[in-house]
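Trainee: Got a structure for you, written out below as structure tokens; questions coming shortly.
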Amino acid sequence: MGAALSRSLAVAWRWLQGAFSALKSTEADDRQGWPLVDAASAGVPWHMAETKCMRASDIEQVYPLRALHKELFDPLQIAGWFVPPLLSALSRWQASGDARDIDIERLPGVRLEAPGIVSFQCLTVDICEKLLAEVDHYGCCGLPGRAPNSMNNYGLVLNEIGMRPVFTAVLRRFLSGIGARLFGDDSSRVTHLHGQAISTHNWGGSTLDHHHTFVVRYSPEEDRSLDMHVDDCDVTFNVGLTSSENCGGSDLAFCGMRGSAGHRRHLVTYRHERGRCVVHSGKHRHGALNIERGDRSSLIMWASSSSYRMTEQYQMQSYGPTEKEQAPPDLVCLSRTHDWDFSRWSERLTEGRASPTDAPDVVDDTTDLPGGLGIARGVHVRGARISQDGRPLLVIGRRQR
């Protein structure tokens, strides 16, 4: 007990020393008093130090005063962000509050890219350019910032620089209705687009109430690609900010839904267009292919429903049984980070040794597994059995990054 307390006090003392040194160093800094924390000297992980630093700096309140485009921080001006045909398509819903008043086929340039994946024209070119300029401006200010998520290293969390109220308004007044029509309950969800089955399910789209909004950037010198993954949200809105003419590669590869027999089978490769939004369930496996030249940036909103996440349906969809794969996975759909059999399948598929009749092994017995595995956020479930009361018995799980 005494030794543990001594270690805790030592860590706290090192953190205080590092924070005090950083604060002193900023007195003559041209950033005019913004506190910096050296993660190494503070004795805490770098991302925690950056987050604490941003909160201590009160950046959400202070940065909007220094912003390059201050109008971007005003929720009352966001109607000008969207292309006029989209505003027209959403007007009846905005007046009535009933998502069924949105005719999905009226969304400008709407396309069914693949089952469960829809895209449409969303933001104006002017807003795309202003958002990119604002991200660059923030980076040039020398202010603290952290990675957008656990897999992307380059970009900016817009919620943390004072834009949370703006994107909350974007979600409530413009995107939540589309989320309800595509991923809402049975009374709101549309089933067909231009005569084709959309093949979506209820992912809480009718009650989306919070978000994590950020910009990611890819280039040959920074993040070149993004491994196959699912998002930590219920519905993802992904808008291209850069012109496709300015980069080569970096397309989005979509595979199947988490837990389905085809979750590692390729569905479609989507090429970003500036201002165009692609929307999909957060549990749709996808990744960014290698970028060969130029750079690409996207505005991404991870939207979630607090109420839906409390339901049994959500727990089963997110962490329930995984269907047995009936065929070899596609090479592009393998995840180095999340697939335990990545090396074996990548070698076989690269060398052409995989037979169409091969299928990955699926563990379906709990006898050889350590006890205590239960449903937990961030756990990827490969197999399960159902107990007598209908609840899932998890078989094997690995923590997602």
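Trainee: Quick check on Arg224: is it free of Cβ contacts under 8 Å to residues at least 24 places away in the same chain and of a type in the set (D, E, K, R)?
Mentor: Judged against the criteria, Arg224 is not a match.
Trainee: Suppose we filter region 194-215 for residues that are crowded, with 17+ Cβ neighbours inside 10 Å and in contact with a Leu (Cβ under 8 Å, 6 or more places away or on another chain); how many remain?
Mentor: 8
Trainee: Considering only residues of region 108-122 that are of a type outside the set (Gly, Ala, Ser) and open to solvent by 10 Å² or more (accessible area, probe 1.4 Å), which is farthest from Thr236 (Cα to Cα)?
Mentor: Filtering region 108-122 for residues that are of a type outside the set (Gly, Ala, Ser) and open to solvent by 10 Å² or more (accessible area, probe 1.4 Å), the one farthest from Thr236 (Cα to Cα) comes out as Pro108.
Trainee: Separate question: Is one or more of the residues making up region 341-359 modelled with pLDDT of 85 or more and part of a loop (DSSP other than H, G, I, E, B)?
Mentor: yes
Trainee: I'd like the residue in region 180-189 that is of a type outside the set (Ser, Thr, Tyr) and more than 14 Å from Arg111 (Cα to Cα) and, out of all such residues, is most open to solvent (accessible area, probe 1.4 Å).
Mentor: For region 180-189, the residue satisfying everything is Asp186.
Trainee: Pick out the one residue from Gly139, Gly116 that is under 30 Å from His263 (Cα atoms) and not acidic (Asp, Glu).
Mentor: It is Gly116.
Trainee: Which residue is modelled with the highest pLDDT, if the candidates are limited to region 240-272 and must be over 25 Å from Asp330 (Cα atoms) and open to solvent by 10 Å² or more (accessible area, probe 1.4 Å)?
Mentor: Restricting to residues being over 25 Å from Asp330 (Cα atoms) and open to solvent by 10 Å² or more (accessible area, probe 1.4 Å), the top hit is Thr242.
Trainee: I've got another one for you. Restricting attention to region 123-153, which residues are hydroxyl-bearing (Ser, Thr, Tyr), within 19 Å of His212 (Cβ to Cβ) and surrounded by fewer than 18 Cβ atoms within 10 Å (Cβ to Cβ)?
Mentor: The one that is hydroxyl-bearing (Ser, Thr, Tyr), within 19 Å of His212 (Cβ to Cβ) and surrounded by fewer than 18 Cβ atoms within 10 Å (Cβ to Cβ): Ser150.
Trainee: What is the residue count in region 218-229 for residues that are touching a Gly at 6+ places or on another chain (Cβ under 6 Å) and crowded, with 22+ Cβ neighbours inside 10 Å?
Mentor: Of the residues in region 218-229, 1 are touching a Gly at 6+ places or on another chain (Cβ under 6 Å) and crowded, with 22+ Cβ neighbours inside 10 Å.
Trainee: How many residues are under 17 Å from Ser318 (Cβ atoms) and of a type in the set (A, V, I, L, M, F, W, C) when one looks only at region 176-227?
Mentor: 3
Trainee: For region 55-95, how many residues meet the condition of being of a type in the set (A, V, I, L, M) and open to solvent by 70 Å² or more (accessible area, probe 1.4 Å)?
Mentor: The total comes to 5.
Trainee: Turning to a different aspect of this structure: Does Glu50 satisfy being open to solvent by 70 Å² or more (accessible area, probe 1.4 Å), within 25 Å of Cys140 (Cβ to Cβ), of a type in the set (D, E, K, R) and modelled with pLDDT under 85?
Mentor: no
Trainee: Select from region 288-322 the residues that are over 25 Å from Thr350 (Cα atoms), part of a loop (DSSP other than H, G, I, E, B) and open to solvent by 10 Å² or more (accessible area, probe 1.4 Å) and list them in ascending order.
Mentor: Scanning region 288-322 gives Asp295, Ser306, Ser307, Thr311, Pro321, Thr322.
The values are calculated or read from the model by the stated rules, or taken from the named source; none is laboratory data. Quick caveat, the model's predicted, so the values are computed rather than measured. All Cβ positions, even for glycine, are placed from backbone atoms using ideal geometry, and neighbour counts span all protein chains on display. Remember, those area values only see protein heavy atoms, side chains included, never the ligands or the DNA or RNA. Shrake-Rupley method; radii C 1.70, N 1.55, O 1.52, S 1.80 Å.
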